[in-house]
Amino acid sequence: MTVEIPINYGPVVQKLIAEGRFRDEGEVVAEGLRLVLMQDKLREDLQAGLDDLNAGKRIEASEVYAEARRRIRAIEDRPAR
């Protein structure tokens, strides 16, 4: 598959590669797709939570914050490229 980077994103992509954050354009695109999938999952999780609230289901705030901290650590602990 070949992907064309829009011209206005070209300098950003090249800067990310020059900084060593990614090896090539393909890695930048892959990361973008990973983020889109994470965003979709977050939307699903949020909707499920709202549905639970609307159904009268509740959990303790401490559990919510603990899970949020766990997810943030998982993102931060992701290996660097």
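The values are calculated or read from the model by the stated rules, or taken from the named source; none is laboratory data. Source: prediction; values computed, not measured. In this analysis, Cβ positions are derived from the backbone assuming ideal geometry, glycine residues included, and neighbour counts consider all displayed protein chains.
Just a few scattered comments:
- Close Cβ contacts (under 9 Å, 6 or more residues apart or on different chains) running from residues in the range 4-33 that are without any contact (Cβ under 8 Å) to a residue 24 or more places away in the chain and part of a helix (DSSP H, G or I) to residues that are acidic (Asp, Glu) and surrounded by 12 or more Cβ atoms within 10 Å (Cβ to Cβ) comprise 13/25; 14/25; 16/27; 16/31; 17/25; 17/27.
- Residue pairs meeting the criteria (Cβ under 8 Å; at least 6 apart or on separate chains; first closer than 21 Å to residue 38 by Cα, in the range 48-76; second modelled with pLDDT of 90 or more): none
- Test: residue in the range 12-29 that is in contact with a helix residue (DSSP H, G or I) (Cβ under 8 Å, 6 or more places away or on another chain), farther than 16 Å from residue 78 by Cα and among the acidic types (Asp, Glu): yes
- Residue selected from the range 46-59 under the condition out of contact with any helix residue (DSSP H, G or I) (no Cβ under 9 Å at 6 or more places or on another chain) and of a type outside the set (A, V, I, L, M), by the criterion surrounded by the fewest Cβ atoms within 10 Å (Cβ to Cβ): 56
- Residue identified as over 22 Å from the mean Cα position of the chain (by Cα) and among the acidic types (Asp, Glu) among 44, 19, 60: 60
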